[in-house]
Every structure is written in structure tokens, then in C-alpha cells.
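Here's the structure we're looking at; comments come further down.
The values are calculated or read from the model by the stated rules, or taken from the named source; none is laboratory data. Please read these numbers as outputs of a predicted model, since none were measured by experiment. Note: ideal-geometry Cβ built from the backbone for every residue, glycine included; neighbour counts use all protein chains shown. Surface areas here come from the heavy atoms of the whole protein model, side chains and all, with no ligands, DNA or RNA. Shrake-Rupley method; radii C 1.70, N 1.55, O 1.52, S 1.80 Å.
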Amino acid sequence: MAAEAVAVSIRKVGKRFGNVAALDDVSLDIRRGEFFSLLGPSGCGKTTLLRSIGGFEAPTEGDILIEGRSVLHLAPYERPTNMIFQHLALFPHLGVRENVGFGLRMKGADRAASARRVEEALRLVRLEDYGERRVDQLSGGQRQRVAMARALVNDPAVLLLDEPLGALDLQLRLQMQEELRRLQRQLGATFVFVTHDQGEAMAMSDRIAVMNAGRLQQVGTPAEIYERPANRFVATFVGHANMIEARLTGRAAEGLAEAEGPAGLRLRGIAPPHGATDGGVLAVLRYEKLRILPHGADGEGIGATVVEKTYMGSSLRFACRTGAGATMTADTPNAMPQRDIGEGDMVRLAWSPEDVVLLTD
Ligand SMILES: Nc1ncnc2c1ncn2[C@@H]1O[C@H](COP(=O)(O)OP(=O)(O)OP(=O)(O)O)[C@@H](O)[C@H]1O
Ligand SMILES: [Mg+2]
């Protein structure tokens, strides 16, 4: 990545709290103008990394550069960043306008100029008619937008958002996801967004960093993370997949490899990027890439019996047992012909080698 395209550069950052390595050798570059998400389970270090960028936490190792300059010696307010904290820190008894303008007042900014910026920030989050309202008279989503306006009023180059939508109900959350994405595009600012919700990360991000136990697992576009998980953790954490322990038996054409699963199940899939052509691999096949066909459909695939059918509204989930005794799960749209398949029915299961990812890690 060209240096001038990088907004935030995390270089071999480590952070220890006593015995806990909250961050362990994390390196990544966040592009200018990018919507970048940190995704991972509770306790994996997302907040610690975000707080380190914002200056609320000092790394024990490594360096953090913003716009090409190390910021480790800078206090939070000296950095070109603004942070929306995991737990909102609004003043409930004050009005919306006072909350948004609080930082500017503390800095002693010019009154008239501050007032203009506050109005502009309120317009951006579509709260221009709420300036007089007290924060404790607002809905959850409106409060989130006040927090957003308060961060935006300083015109930060990099906005750090720690699970800003975590406390909202699903409908409001989906609506705020769109609003945030719109805001980010409109401002052209760099957003670093923390979430433990993979759907949210997928829907909003240009790129995602998946973390686990303080370590970076994979950085990529939503499609790269989903279609080409780098390891077992990413494959399990993002989406639902059949995981089949297998042994590599050889290479095939076009980046594919052959593997043998339990009970002689022959698999072809995308070869692991490097290393041996024999040994253990994990074959990953997403539920929705496994096709389930009514018994008697053309001879494609392998025979199986439906063990369990789960109704999920827009989709159906079929857990099946193959003739050789392996369990495989398929998700299909809730439509014909799969809708008529029931528990106990004989079916055929089919898939494409391009949808099987073979992993060694
Ligand atoms: N101030 C602290 N003192 C001691 N340990 C801490 C401190 N802050 C965080 N930790 C530990 O560091 C690890 C990472 O915490 P962090 O808050 O970064 O996780 P997170 O990914 O944001 O989790 P969540 O999704 O629950 O918010 C955890 O094991 C946590 O207990
Ligand atoms: Mg957190």
C-alpha cells in the first residue's frame, strides 16, 4: 500500500495487562477514507486496539502512526482522532446542543464558529430539530446520533467507533448501519469500527480485521473473509460451515487439491496456499453452498437422509446424514423444490470444488 494512502499504521503492537496479552504482535494498515472494522469475540482486544489508536491506552510494544507520524507521545486530544466509546458518555441532563459542543467549549473555541459547527454536525446526523431537547428525552438511536455528532464536530481525520450500535434493537440498528455508512461516504473520513457482530461488519465495511485472543487472524474484504477464510478460527467465527477433517492426497488443476475425508469421502477444494501436499487439512464448506436435491434428481452428488429440518423464515436448514455416516448441513432458500423435503427423506447432496476451502491452520 502506498504510504500516502495509509491513514493509520499499526506496527507490531503489543499490550499486556499483567499476565493478559490483550494485543500480541498486531500489524495492519488502515487506508485513508476506508470503513475498516475490527471483528472478534468478546475479550479479543478490539477495544484495547481502538483505545491505543485514540491515545487512551499506551501499547507495551510497537508503534502507531497516523498520517505517517508516530502518535505514541501524543495525548488523545492532540491526535487527529475522535472516539465514540463502547458505553456512551453523554450528559443526560444537558441539551443536545450542549452535549455536541462540549469539547469545543473545553478547548475554548470561538463561540460563533463553535455554534456553526454544532449545527452542521447536527445536520449531518439528522438531528437539526433536536438541539434544544435534553438527552434523557431522546430515544436510544437518537442518543447514538448525538454521540456521533459530538465526535464529528471536531472534524477528525480518523473516527474511532467502539460498538456504537451495540445497545440498539435490530430494526434501529439496521437503520443506523445505513446512516453511518452514508455519513462515512459523505465525509470521506476514515472510520475504524469495532463490532463483535459479523453481519454488521460484513454489511458496512470496506475491509475487516478478524481478531482472536489478542492476535490478528485475517485482514480482507468481507468477501475475502467469507469465501477464503485464512484459518479454522475465521471459518468458524464468520458464517456457518461444515468442517470436515480430511487428509490431502494430491494436487489437482487450477489451484485445487484432492483430499480424503471420513469413511472414504473424496473431496476436491481450494488448495492451502503453501506447504505440504499430504497431511491433515480441514475442509470448509458453507451451509448455503451445499446443494440439497430431492431423491431421484439427476445422479449428481452423494446420497443422504434428512435428520433434521429447521424452519428459519427466509431459509431452511437441513441436517443430513450421508451413507457413510458423516453429518452435513445445508441452508436453502425457503422455496420449491426444497420446501417439500422433510425429515427422513432421502436426498442427494452436491457441491462445487470451488466452494470447498482446504485449510492447514
Ligand atoms: N484495564 C484493564 N486491566 C486489565 N485487563 C484488561 C483491561 N482492559 C482490558 N483488559 C483485558 O484485555 C483483554 C481484551 O480486552 P478488550 O476490552 O480489548 O476486549 P474487546 O475485544 O473489546 O471485548 P468486548 O467485545 O467484550 O468489548 C480482555 O481479556 C480484558 O479482560
Ligand atoms: Mg470492547
- Item | segment 3-232, accessible area per residue, ligands and nucleic acids excluded (1.4 Å, Å²) | 47 Å²
- Query: How high is the relative contact order of segment 241-359, in percent, with contacts defined as C-alpha pairs under 8 Å that are six or more residues apart?
  - Reply: 31 percent
- So, in Å, what gap is there between the alpha-carbon centers of segment 157-196 and segment 298-361? 36 Å
- Message: Leaving out ligands, DNA and RNA, and with a 1.4 Å probe, what % of the accessible surface on segment 1-102 is carbon or sulfur?
- Response: 52 percent
- Helix 140-152 sits off the longest principal axis of the Cα atoms of the chain, rounded to the nearest 10 on a 0 to 90 degree scale, by 60 degrees
- Query: Dipole magnitude of the chain about its Cα centre, charges +1 at Lys/Arg Cβ and -1 at Asp/Glu Cβ only, in debye to the nearest 20?
  - Reply: 860 debye
- Item | 10 Å binning of all Cα-Cα separations within segment 46-196, expressed as whole percents from 0 upward | 11, 40, 36, 12, 1
- Regarding segment 151-263, what whole-number volume in Å³ per residue does the convex hull of its Cα atoms give? 157 Å³
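Rounded, prolate or oblate: which one fits segment 120-170, using the alpha carbon gyration tensor with axes a ≥ b ≥ c (rounded when a/c is under 1.5, else prolate when a/b beats b/c, else oblate)?
On the way: a/c = 2.26, a/b = 1.08, b/c = 2.10.
It comes out oblate by the Cα gyration axes.
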- Using alpha carbons only, how many degrees (0 to 90, rounded to 10) separate the axis of helix 170-187 from the longest principal axis of the chain? 60 degrees
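Which value results when the Cα radius of gyration for the chain is divided by 2.2 N^0.38 Å?
Working: Rg = 24.6 Å, N = 361, 2.2 N^0.38 = 20.6 Å.
The value comes to 1.19.
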- Task: Would you compute, from DSSP H runs of 4+ residues alone, the mean residue ellipticity of the chain at 222 nm, taking -39500 (n - 2.57) per run and dividing by the full residue count, rounded to the nearest 500?
- Result: -7000 deg cm²/dmol
- Reference-scaled alpha-carbon Rg (2.2 N^0.38 Å with N residues) for segment 200-353: 1.12
- Query: Between the helical axis of 96-106 and the dominant principal axis of the chain, each derived from Cα atoms, what acute angle in degrees is found, rounded to the nearest 10?
  - Reply: 70 degrees
- Query: If I225, I270 are ordered by their accessible area, calculated over protein heavy atoms with a 1.4 Å probe, which sequence runs from highest to lowest?
  - Reply: I270, I225
- Apportionment of accessible area to carbon and sulfur, segment 241-359, percent (1.4 Å): 50 percent
- Assuming R0 = 51 Å, can you tell me the calculated FRET efficiency for the pair S70 and R251, based on Cβ-Cβ distance, to the nearest 0.05? 0.70
